[in-house]
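Structure first, commentary second.
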Amino acid sequence: MAVSQIEKQYGKGAIMKMDEQTQQRHPVISSGDIGIDLALGIGGLPRGRIVEIYGPESSGKTTLTLHIIAECQKLGGVAAFIDAEHALDVNYARKLGVNIDDILLSQPDYGEQALEIADILVRSAAVDVIVVDSVAALVPKSEIEGEMGDSQMASQARLMSQALRKLTATIGRSNTILIFINQLRQKIGVVFGNPEVTTGGNALKFYASIRLDIRKINTIKSGEDVTGNRVRVKVVKNKMAPPFGSWEFDVDFGAGISRFGSILDIAAEHGIIKKSGAWYAYGNDRIGQGRDNAKQYLRENPAVADKIEQEIREKFGLTEGSAAKEPEIIRKKRDRQILSASDIQKFVAGIASGGVSEAQAAAFTMSVFLNGMDADEILTLTQSMKESGQVLKWDSMDGPVIDKHSTGGVGDKVSLMLAPIAAACGCYVPMISGRGLGHTGGTLDKMNAIPGYNTNPDIPAFQRIVRQVGCLIIGQTKEMAPADRILYAVRDVTATVESVPLITASILSKKLCAGLDALTMDIKTGNGAFMDSLLRAEELGQSIKTVAEKDGVRTGVLITDMNEVLGRTAGNALEVFEAVSYLKNENPEPRLKAVTDALCVNMLMIAGICRTEAEAEEKVRTALTSGKALEKFAEMVAVNGGPADFCDRPTPTCPPHR
């Protein structure tokens, strides 16, 4: 009750169990240097977090942030640069790989304006990286408008504290990386200890998940000419991985961080590139005598450098790359390209882990809705969604494990009768159902009309009850096909319900993760179903049958009419009452009986229980007339938390439909 009250007042997700927010890997964006990515411990800078990069003047702080922006843009992301110092060198940024035409640039007049702009960009959830350069330049408006010499004690610290309190929660929800560049100052009168301190007070130290200390440690010369700096980055705070990792790298004047130098150093340190004396070798090829020549070889052969970098990432368990490729995948499908299996698997993994935002999921579903998918894409999408969570196994069962699924329609309560009928005939029916999709009510909504009935038992309880009773109707659990649960909700609010590839993957990912031997599909068509044309219904039926059988599940498909309400009632509680009446064999409505009988017969035949339709029809008739199907339904309700006498008096206990 308390959880429901909190979610009602503050929204879904305001409170949750820890395992509901556990992520497979936190989504990141690369720093642009693999050594820094490794020092961070997670392969890059974490999305949805605040990062502080600080150091002395001319140490490479802005250079590092420009590389991060370039990496973000390579992935199709959006970056913003809030230039409070009014000192951004556009030409230098372009040389570092930043697409100047696409970057969002703001040069605010005072600190409050800069932070308000950052807040608006974060709340938009449309910007992936925001850089604020720098904290020292975030001068409060009162100080700018005051007289020289006016006392403004701690006004900047108060401003930063207020802004960060406001920004922290929205940053997490928007998946934006907010980077603050900061300078070092010297405390006056410090005799013992380190006199260095960053500007803006202590709030940023507290709210930042990552703090990077960047300093020049040497100069790089070519003869007498200084061509760059040797720089060290130290991770002094890290909430995502163990802190205090560090990395030294080259910054070449006019070119930024030397990616090839870092690849060479790490590969040589870990034996991917062999070093013998002054010579460097990769595989059977010598790539240069001396570090500078080996760097030049990699610069001239970027494909080799990419291959070496991939080997490094695999060695350190960062094979997913420096960041999610969601925008690139969305763009491919938007432009009518075929997605590879790897593309689909990565995108689905991102949905399940939280790395794919709701906006990206919506863009993906709309792209698929408009441009479709071929059979291989649908199969991969289905399998990836199925494998995003737990797949059940049923060992030592004395009957076939089978399920039925309907695409839904007004008054469709067939599952409530069919599951206990099939169980009474010797099948095991682990029925994982959904809620309403489009304008139709879902099976789960109907089961929720039974007081006390638990639509979300844990997996062990689910399997135990199915073994005991023979059937159980539940909702999708958080362990099973979590990627589908997220996409299902997105489709319902983005006008993409009718997409055949998405319907196929959604239905089958839920069904196949239940470990079925066989599946019967009821494709509804007509003006009471969301699949309103026979042609579209046939297309969906063929798609589901093809994909399910490729995954090893025997599948039967029936297309049934939904041009009028199925049965005598519509509405969750009323339909439950009608289902109980049907199981009591109390003058069932003819159309409802015809559809239910046909689906039951199909189930028994593809499950191998019966060889002929006549035999199957007789079994179904016996299950009803003997009262065994009603007993199965009553037992299912009672064992799963509902009233023990529900079937004796269903009407008074069913709450009104809302």
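The values are calculated or read from the model by the stated rules, or taken from the named source; none is laboratory data. Everything numeric here is computed off the predicted structure, so don't read it as measured data. Note that we place each Cβ from the backbone using ideal geometry, even for glycine, and neighbour counts take in every protein chain shown.
Listed values, structure above:
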| read-out | value |
| --- | --- |
| First in region 401-430 and closer than 14 Å to Leu472 by Cβ, second anywhere and among the aromatic types (Phe, Trp, Tyr), Cβ under 6 Å, 6 or more apart | Val401/Trp394; Val401/Tyr428; Pro420/Phe633 |
| Yes/no for Gly475 being over 24 Å from Leu379 (Cβ atoms) and surrounded by 19 or more Cβ atoms within 10 Å (Cβ to Cβ) | yes |
| Test result for Gly426, at pLDDT 90 or above, within 20 Å of Gly515 (Cα to Cα) and either surrounded by fewer than 19 Cβ atoms within 10 Å (Cβ to Cβ) or of a type in the set (Ser, Thr, Tyr) (or both) | yes |
| Residue in region 501-508 that is touching a Pro at 6+ places or on another chain (Cβ under 7 Å) and within 26 Å of Ala461 (Cα to Cα) present | no |
| Residues being assigned to a loop (DSSP other than H, G, I, E, B), surrounded by fewer than 24 Cβ atoms within 10 Å (Cβ to Cβ) and out of contact with any Leu (no Cβ under 8 Å at 6 or more places or on another chain) - total across region 546-567 | 4 |
| Filter result for the condition that a residue is under 18 Å from Val410 (Cβ atoms) and assigned to a strand (DSSP E or B), over Asp522, Asp532 | Asp522 |
| Pair list, Cβ < 7 Å and 6+ apart or interchain, from region 280-291 residues that are on the phi > 0 side of the Ramachandran plot to residues that are surrounded by 15 or more Cβ atoms within 10 Å (Cβ to Cβ) and not in a strand (DSSP E or B) | Gly288/Ala294; Gly288/Tyr297 |
| Region 281-295, subset at pLDDT 90 or above and of a type in the set (S, T, N, Q), residue surrounded by the most Cβ atoms within 10 Å (Cβ to Cβ) | Asn293 |
| Tabulated pairs, region 187-203, first more than 23 Å from Val51 (Cα to Cα), second in a strand (DSSP E or B) and modelled with pLDDT under 90, C-beta under 7 angstrom, 6+ apart or interchain | Lys187/Val197 |
| So Arg485, is it surrounded by 20 or more Cβ atoms within 10 Å (Cβ to Cβ) and either of a type in the set (Asp, Glu) or free of Cβ contacts under 8 Å to residues at least 12 places away in the same chain (or both) | yes |
| Matching residues, region 105-140, being surrounded by fewer than 18 Cβ atoms within 10 Å (Cβ to Cβ) and under 26 Å from the mean Cα position of the chain (by Cα) | Asp119, Ile120, Arg123, Ser124, Ala125, Ala126 |
| Scope region 602-658; condition modelled with pLDDT of 95 or more, closer than 26 Å to Thr455 by Cα and basic (Lys, Arg); matching residues | Lys628, Lys632 |
| The one condition in (1) in contact (Cβ under 8 Å) with a residue 12 or more places away in the chain; (2) touching a helix residue (DSSP H, G or I) at 6+ places or on another chain (Cβ under 7 Å); (3) of a type in the set (Val, Ile, Thr) that Ile100 fails to fulfil | (1) |
| Residues of region 218-232 that turn out to be among the aliphatic types (A, V, I, L, M) and modelled with pLDDT of 95 or more, as a count | 1 |
| Lone unmet requirement of (1) assigned to a helix (DSSP H, G or I); (2) within 19 Å of Val557 (Cβ to Cβ) for Asp403 | (1) |
| Considering residues of region 223-265 that are of a type in the set (A, V, I, L, M) and more than 30 Å from Ser276 (Cα to Cα) only, the residue surrounded by the most Cβ atoms within 10 Å (Cβ to Cβ) | Val235 |
| Qualifying residue in region 401-412 (condition: acidic (Asp, Glu), over 20 Å from Glu635 (Cβ atoms) and touching a strand residue (DSSP E or B) at 6+ places or on another chain (Cβ under 8 Å)) | yes |
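Yes or no, residue by residue, for (1) surrounded by 20 or more Cβ atoms within 10 Å (Cβ to Cβ); (2) in a strand (DSSP E or B); (3) of a type outside the set (Gly, Ala, Ser); (4) at pLDDT 95 or above:
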site	(1), (2), (3), (4)
Leu167	yes, no, yes, no
Thr170	no, no, yes, no
Arg173	no, no, yes, no
Phe180	yes, yes, yes, yes
Ile188	no, no, yes, no
Phe192	no, no, yes, no
Val197	no, yes, yes, no
Leu212	yes, yes, yes, yes
Lys216	no, yes, yes, yes
